[in-house]
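The values are calculated or read from the model by the stated rules, or taken from the named source; none is laboratory data. Keep in mind the model is a prediction, meaning the values are calculated, not measured. Cβ sites come from the backbone with ideal geometry, for glycine too, and all protein chains shown count toward neighbours.
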């Protein structure tokens, strides 16, 4: 399968579904990781332009650990807007090129606006991508079907009740490594919010594991919208 | 009564509440059917400008079957935005002219963004229409009251639990004819999504009928917002 | 229509739907008011047996104000159990005799167990009443249809979001009088919970009125279960 | 796998998950169909004892169409009580013997009490079955694990939003035949509720199919309780 | 503590949390009241520019009753858009200056769009305010923490189930006075919607009081989003 | 304050609110820990009667760590029934004696029936305890008020979204010790469900801590029923 994962900041996919992506990759599926924001404001001292470059490299490093293609849509932090035609066009372009069997992204409600905007943009763009007369970035032909969407966990699992779980017990260390690639963010989260990022990620995965009887897991909810419903499980 | 129905694409009202509108019309109420999008991208081959014209005619034909006035706000497909002042002004203008006793539109959550934007735009415009100093398209005086809103079914009923039902058993054939007017869409849905449109519409109406003990029915939920709540049933 | 209202204690219907019953009665409908518990423990000093008799008279007085038949199922307070065959049989017997067009009762979740048990018992008994081979108290033939149920407000409206409102502006004084008939309870609620009962009742009715734009109102939710759904409004 | 399906009346499984059971059987899984109530009151004329026998035969006939074992727990209609130790013991006994990989049963909320009691009894018994010192009917050793539960659709889909769908397009005719085995019930539902049973069943399956893009489907929700959550799809 | 309350129109805070703000002020906390819209369209005759000035004075008068600072962001009515960078910058600027220990604002769903936009804007701006490289109006340094948010009641309490209550029994008269300062609005609500504003406000406060056993109260829900969750009560 | 915590099995309180109880105790509050079931079936080899005694000792040891009184209502496992008058009488008797300022117990939905029955029994008994003419075990006079109830977490947090959090960072080691007192259960959970109990408990507490920004926390929801709502936080 082709799997498209669209996160907001360069490390959000690693936090929310890194283990699932690693597992999918290990099974031979093609993984494309998109981050919509460039993460340029995620630091106290490093200036935005420089930080965007650093984070781009961190994201590529994380993706390379599982052989995923990594794409940045390069929106400045706090400026992700699902109502902007350009963003939808960029996303639809990626979708037309990747032709995903399913998509993973943020849930519609999360801890900050940019995440929520990404969720809505993915919902919109993945529909638009199937409309022949819609012109999307890149000039690819329309996608054949409206892809199913799985919403990954919110940050710290607040307000999120998963209905599907993925066992990532064999992929927790890869997931941690993927997250460890984001050194600038590890430091920033520690400074901005006082949290130990890698321990945070491990604990949430362990908690989701407890819920479904595995050592480590990630939780998801499927987007309940026609015609995205499926009669088979697409998650690994 | 004056009844205003606002759908997204030229066939959405026929799918969601065609039977209810036919029933209301048969009872002597004035029906105004508005479609916000012109449906210009709803085909694989017919180019947008031509398609918009075709669909406009299809919509008028459908409306004529029940003696309804049909209005197009002529927004291009995938470009319906409730945040645009112009759209709200156009809608508020229609509301000020029609002075509806109640409004039917899409629910806030549905299978694609344009539908959801229409729902929000109707919510906003029907409030704005009552504010004297708000200037709306058409120059009509402010509406006297904030109209109650009934949300019609989602496409295929996904995620929708009606709290009110309308018996359309005597109007199912008119409803089917109204939908049959949309020949371009019938073909497009078949090509784009592989579905038999008229059978689809009939099946959903039959299912909603099963739920309330009628041959055919349509399901609705009332918008729960002050001062739109009522102490009588407005649906037929 | 025949309207059956089933409350838990002798004053619960007066609190939750007294205005609606008064309105229905004024329109010529037949009203039957059932209280399941005899209210025998609703006082600090008056002993249970004596109190049950007092409250029975209070209930009859309240019902007489609107010409309603008043029936007590005479269960001791804190002993209402929907799982008891006898209670279901008694209730089904009343339903078979009254043959209600619809029923009003407590919602499934309320502030104390007896209320919740009444709600469940009504749900069960009104189904059982339609089953020919089910033997119910009183020997009446099976009811012809499973009656729609409207759930009235919880006490103080906690946790309750009405979807239907009844304008009781012309019946608020009758409602207050009906409640005023329950002198023992007025005193007990004041002593047990420190509340001014009549003011309490008036305030909740006024609040529900504010919500739907009337001077006074009562809020309801329809029981969403097959085959109880309707295509017309039964509430007045 | 061993699949245990527990319905209330002799035809409930056929209505709610007949296609899914047929599909599972066709894939070589062992199917056990349990009906808790004997359906003895499901008729206007045929007396209970006779009807129970008729329906037992109908159930066996339906089960035989897919090679399923059929078990009756033989509770009289309207007398299913999840609080009865005997019922839990019987159910736990079946579970210990069958050792299901998963269970299908009614959802906790449905259109009548017996259905809801079955749902609760299955939830309880499937836990009790795993407790070594719990003594269940039949003398089998404790089950090794608390089985995952899938809740099937409510009657007519009222109040039910599936999160998982099973494509039964290739099994709709078998499903109809299974339901057609219940001739006494087909007549009773027609007389009691005025509905064409087989058309009813087909319509709901077709509607659920529309929702997930298949000709026919059945909808389910997984019971979200520890330790029943899974990391793989068990439904076919 | 520093408490920031952000309402939409010049009287919304007085309606929704006037008693709570008065109580906080009486306890020595610093209160800042922001209204985002200038209320310029809230009248039938007084022209917008003049009305905006009148309402600014009314708001200042109301705030002065409890010693609160009053700030207007001066957006025209019906033009509040959470997607506008300028609005977020203004709000973030206020937040950086005030450095609130917690924020009170409208809930995400309310009776009109401007209210809902304010809620979203506050959610977004209070996050943005903590990001060092985000440039906000006023040039203040980034806020140290993402402030907890309490959502106040909707208008008339429609669709709102509080999870926290504040006893305002000792502050109901101050609350009424604060509302009484909005003379233009009192008249407008009477003309536009036919409601007695002060009685309306008092009744809702009395109803919320009934729910929690106090003479008068206000209801709130905490915004459930990381990292805004708290382990202590911040409301008075 | 007097704090009453009512769990189902001898270790459930330690799992769900051990840290909160330890914190309350450290602040000088009187803690009473009740377990309704005696835990007699919680083992594969140790026979029920013997196990009940062992677990009673384990519970007492756990309670002694924080100076709490420990009471067993001694119901056999899998036999907890909220509909039994005797159980309600026992619980009401405890409540009348302890006169709790608030109660902590299981939420109404949890992973097994006995837990859910305890929740309902506590809800019922704490109301009954305030009714003067209700006769409860022990002969104590009626309680003066219906105590507020806080629902603690479900097992593994499945299906539970806390609205209030208690910081237990300083009490996590005491909590672990309290749980470590239940040696029989630690072994049984390992054998029955394959889980490392102490690690399980620590992980859930750490996860709840992540959600509210503390090292360790416990999550709760307040029972939303009149007259239990409060205008102050009772949790520590």
Within segment D:18-30, the residues that are over 11 Å from the mean Cα position of the chain (by Cα) and more than 11 Å from every other protein chain (Cβ to nearest Cβ) are D:19, D:22, D:24, D:25, D:26, D:27, D:28, D:29, D:30
Can you confirm whether segment F:88-98 contains a residue that is without any contact (Cβ under 8 Å) to a residue 40 or more places away in the chain and either over 25 Å from residue F:221 (Cβ atoms) or in contact with a helix residue (DSSP H, G or I) (Cβ under 8 Å, 6 or more places away or on another chain) (or both)? no
Output the residues belonging to segment F:62-79 that are under 16 Å from the mean Cα position of the chain (by Cα) and either within 11 Å of chain D (Cβ to nearest Cβ) or at positive phi (or both). F:67, F:74, F:77
Condition first: buried (at least 20 other Cβ atoms within 10 Å of the Cβ), more than 10 Å from every other protein chain (Cβ to nearest Cβ) and in contact (Cβ under 8 Å) with a residue 60 or more places away in the chain. Now tell me which residues in segment C:185-200 satisfy that. C:185
In this structure, does residue D:126 turn out to be crowded, with 22+ Cβ neighbours inside 10 Å, free of Cβ contacts under 8 Å to residues at least 40 places away in the same chain and within 18 Å of residue D:33 (Cα to Cα)? yes
Sole exception among (1) buried (at least 18 other Cβ atoms within 10 Å of the Cβ); (2) in contact with a strand residue (DSSP E or B) (Cβ under 8 Å, 6 or more places away or on another chain); (3) closer than 27 Å to residue D:132 by Cβ for residue D:101, by number: (1)
Taking into account only those residues within segment A:124-139 that are within 7 Å of another protein chain (Cβ to nearest Cβ) and in a helix (DSSP H, G or I), which is farthest from residue A:98 (Cα to Cα)? A:124
Of all residues in segment D:1-12, which are in a strand (DSSP E or B) and surrounded by fewer than 19 Cβ atoms within 10 Å (Cβ to Cβ)? D:2
Checking the conditions here, which among F:121, F:59 is modelled with pLDDT of 95 or more, under 30 Å from residue C:45 (Cα atoms) and either buried (at least 24 other Cβ atoms within 10 Å of the Cβ) or within 14 Å of chain C (Cβ to nearest Cβ) (or both)? F:121
Filter pass, residue C:110 being within 13 Å of chain E (Cβ to nearest Cβ) and closer than 30 Å to residue C:44 by Cα: no
Enumerate the pairs (first residue in segment F:160-175 and at the interface with chain E (Cβ under 7 Å from one of its Cβ atoms); second residue anywhere and assigned to a helix (DSSP H, G or I)) with beta-carbon separation below 6 Å, excluding pairs fewer than 6 apart on the same chain, so at least 6 apart or on different chains. F:165/F:212; F:166/F:20
Among the residues that make up segment A:81-88, is at least one of them away from chain E (no Cβ under 13 Å), under 30 Å from residue B:80 (Cβ atoms) and surrounded by fewer than 19 Cβ atoms within 10 Å (Cβ to Cβ)? yes
Residue list for segment F:32-45, restricted to those being more than 9 Å from chain D (Cβ to nearest Cβ) and within 15 Å of residue F:11 (Cβ to Cβ): F:33, F:34, F:35, F:36, F:37, F:38, F:39
Set D:165, D:150: member being under 15 Å from residue D:100 (Cβ atoms) and buried (at least 18 other Cβ atoms within 10 Å of the Cβ): D:150
If residue C:145 satisfies every condition in (1) surrounded by fewer than 22 Cβ atoms within 10 Å (Cβ to Cβ); (2) in contact with a helix residue (DSSP H, G or I) (Cβ under 9 Å, 6 or more places away or on another chain); (3) more than 30 Å from residue D:191 (Cα to Cα); (4) within 14 Å of chain B (Cβ to nearest Cβ) but one, which is the exception? (3)
Scan segment C:218-230 for residues that are in contact (Cβ under 8 Å) with a residue 60 or more places away in the chain and farther than 18 Å from residue B:222 by Cα and jot them down. C:225, C:227, C:228
Kindly provide the set of residues from segment C:201-229 that are away from chain E (no Cβ under 12 Å) and in contact with a strand residue (DSSP E or B) (Cβ under 7 Å, 6 or more places away or on another chain), ordered by number. C:218, C:220, C:221, C:222, C:223, C:228, C:229
Please verify whether residue F:95 is modelled with pLDDT of 95 or more and buried (at least 23 other Cβ atoms within 10 Å of the Cβ), treating the condition exactly as stated. yes
Is it fair to say residue C:155 is more than 27 Å from residue E:194 (Cβ to Cβ) and free of Cβ contacts under 8 Å to residues at least 12 places away in the same chain? no
All conditions in (1) within 13 Å of another protein chain (Cβ to nearest Cβ); (2) under 25 Å from residue E:124 (Cβ atoms); (3) part of a helix (DSSP H, G or I); (4) in contact with a strand residue (DSSP E or B) (Cβ under 7 Å, 6 or more places away or on another chain) are true of residue E:15 except (4)
Answer yes or no as to whether residue D:209 is in contact with a helix residue (DSSP H, G or I) (Cβ under 8 Å, 6 or more places away or on another chain), under 14 Å from residue B:204 (Cβ atoms) and buried (at least 21 other Cβ atoms within 10 Å of the Cβ). yes
